[in-house]
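Chemist: Starting off with a structure, shown below.
The values are calculated or read from the model by the stated rules, or taken from the named source; none is laboratory data. Treat the numbers as computed from the prediction; the structure is a model and nothing was measured. Methodologically, a virtual Cβ is constructed for each residue, glycine included, from the backbone with ideal geometry; neighbour enumeration extends over all protein chains shown.
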Amino acid sequence: MAGLSRCSRDSPLRSCCLSRLRKDMECYNSLITCYAEERYEVNHSSAQPVVLATGMQSSGSTLLSWCFLQRPDMNGTLDGDTDLIPLLPVVPNAPYLWYKTTISSFTLAEQMAVLEDEGREVMPLLMVRDVRAVWMSLMKKPYGRNGVTAEDPPLRLRFRRFLNSWVFAREQGIPIFRYEDLAGDAEASLRGLCEDLGLSWDPAMLNWPKPAADIADARHGNARFMNADKAGLEAVFDPRLALRISGRIHEEDLVWLEETFAAFNQDMGYEQHHDGLELLPGRLLPSWEASRRLNWRLRQKPLRYLAVKLGLSRYRPRPQ
């Protein structure tokens with residue numbers, strides 16, 4: 001605020017900065033209030049089992065999460081924050097707690113360990129999809145930030161964490177669910193997953209009778225899915241889109257994906273190489289500018305924020 005004190009009291013620049021600062025403080029206070037009201041548990045031992053579902057972003061995991069949250073014996077979180085450890089809502093009347101998150105800042109093993117440290121019984125599952133389709137989808141999504149920070153790690157680092165999680169799941173006998181299997185026989189694939197988890201089958205997973213208001217934490221989720229008419233799985237799910245692999249990808253990233261995930265592709269029934277994609281030169285480079293932390297730091301200093309917005313500064317953190 002020292003920079004503001006040097007500005008004239010009636011300066012337009014001072015007014016702009018103060019207005020920006022007030023909005024940021026309102027947003028901060030609103031966030032604190034929200035988290036206080038929702039009463040998340042961090043250190044709480046419970047006999048209530050937690051079904052922990054995770055996978056890459058853009059792997060169709062929101063759809064699977066919605067299916068399970070339709071069950072009368074289950075409630076919880078539709079889509080947890082990927083840069084936070086699992087923070088479970090309080091749902092005292094549900095036999096099972098459901099928590100769906102994604103692999104970005106933490107691996108499956110790390111997410112499980114956090115819950116086990118709380119004394120929870122964890123029933124994990126891993127959702128997978130053709131990694132080429134996932135990569136190309138993330139390139140177009142706001143949450144597919146190819147950043148350089150812990151909360152927005154580079155895409156290749158996210159994919160390595162996912163690969164490590166897949167290896168871990170195979171070694172531990174953790175159920176692995178292919179998104180593409182929904183395009184064949186959705187009911188059979190979901191029945192099989194329930195059996196692998198030791199759960200009975202419930203047709204609510206297809207019919208979707210439960211509204212979002214009855215879900216303990218229905219925030220986030222894929223925007224297109226959340227805006228769709230949720231009359232049931234058949235009404236929302238398009239098998240053709242689930243099986244489609246098309247789009248733009250950098251040539252070096254495609255080579256890296258197909259080499260790094262060769263064993264994964266073979267074991268999960270994906271083709272080793274996919275032709276017909278629109279190839280871009282080089283690779284997608286991680287950047288500080290893609291990281292959310294840039295805006296967070298800039299908003300702590302309104303004059304710096306304004307200078308960057310006006311193109312007068314190319315601020316980046318100083319290497320330590």
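Chemist: How many residues are more than 20 Å from G119 (Cβ to Cβ), in a strand (DSSP E or B) and either of a type in the set (A, V, I, L, M, F, W, C) or in contact (Cβ under 8 Å) with a residue 60 or more places away in the chain (or both) if we restrict to segment 76-103?
Modeler: So the count comes out to 0.
Chemist: For segment 117-132, give me each residue that is buried (at least 21 other Cβ atoms within 10 Å of the Cβ) and not acidic (D, E).
Modeler: Result: R120, P124, L125, L126, M127, V128, R129, V131, R132.
Chemist: From the set of residues in segment 138-158 that are under 13 Å from the mean Cα position of the chain (by Cα) and crowded, with 16+ Cβ neighbours inside 10 Å, which is farthest from L285 (Cα to Cα)?
Modeler: Step one: list which residues in segment 138-158 are under 13 Å from the mean Cα position of the chain (by Cα), which gives 138, 141-145, 151-153, 155, 158.
Okay, now just the ones that are also crowded, with 16+ Cβ neighbours inside 10 Å, so 138, 144-145, 151-153, 155, 158.
Details: L138: 14, G144: 13, R145: 11, E151: 17, D152: 13, P153: 12, L155: 9, R158: 14 Å.
My answer is E151.
Chemist: With segment 171-282 as the region, which strands (runs of 3 or more DSSP E) entirely inside it contain at least 2 residues that are β-branched (V, I, T)?
Modeler: Numbers: elements: 176-178, 248-250, 278-280.
Answer list for segment 171-282: none.
Chemist: Could you identify the single residue in D83, D73, D117 that is among the acidic types (D, E) and closer than 27 Å to V131 by Cα? So that I can check it myself, show each step before the final result.
Modeler: Working: D73 fails: closer than 27 Å to V131 by Cα; D117 fails: closer than 27 Å to V131 by Cα.
That would be D83, the only listed residue that is among the acidic types (D, E) and closer than 27 Å to V131 by Cα.
Chemist: Taking A231 and the conditions (1) surrounded by 15 or more Cβ atoms within 10 Å (Cβ to Cβ); (2) on the phi < 0 side of the Ramachandran plot, which numbered condition does it fall short on, given that it satisfies the others?
Modeler: The number of the failed condition is (1).
Chemist: If W135 satisfies every condition in (1) surrounded by 19 or more Cβ atoms within 10 Å (Cβ to Cβ); (2) out of contact with any strand residue (DSSP E or B) (no Cβ under 9 Å at 6 or more places or on another chain); (3) under 22 Å from R248 (Cβ atoms) but one, which is the exception?
Modeler: Of (1) surrounded by 19 or more Cβ atoms within 10 Å (Cβ to Cβ); (2) out of contact with any strand residue (DSSP E or B) (no Cβ under 9 Å at 6 or more places or on another chain); (3) under 22 Å from R248 (Cβ atoms), only one is false for W135: (2).
Chemist: Among the candidates R283, R292, R299, which residue alone is surrounded by fewer than 16 Cβ atoms within 10 Å (Cβ to Cβ), at pLDDT 70 or above and within 25 Å of the chain's Cα centre (by Cα)?
Modeler: Details: R283 fails: surrounded by fewer than 16 Cβ atoms within 10 Å (Cβ to Cβ); R299 fails: surrounded by fewer than 16 Cβ atoms within 10 Å (Cβ to Cβ).
Checking each option against the conditions leaves just R292.
Chemist: Taking only pairs six or more apart or across chains, which ones have beta-carbon atoms under 6 Å, a first residue in segment 245-270 that is closer than 20 Å to R161 by Cβ, and a second residue that is acidic (D, E)?
Modeler: From residues that are closer than 20 Å to R161 by Cβ, the pairs are Y270/D130.
Chemist: A follow-up question, please. Scan segment 114-164 for residues that are more than 12 Å from S58 (Cα to Cα) and β-branched (V, I, T) and jot them down.
Modeler: V114, V122, V148, T149
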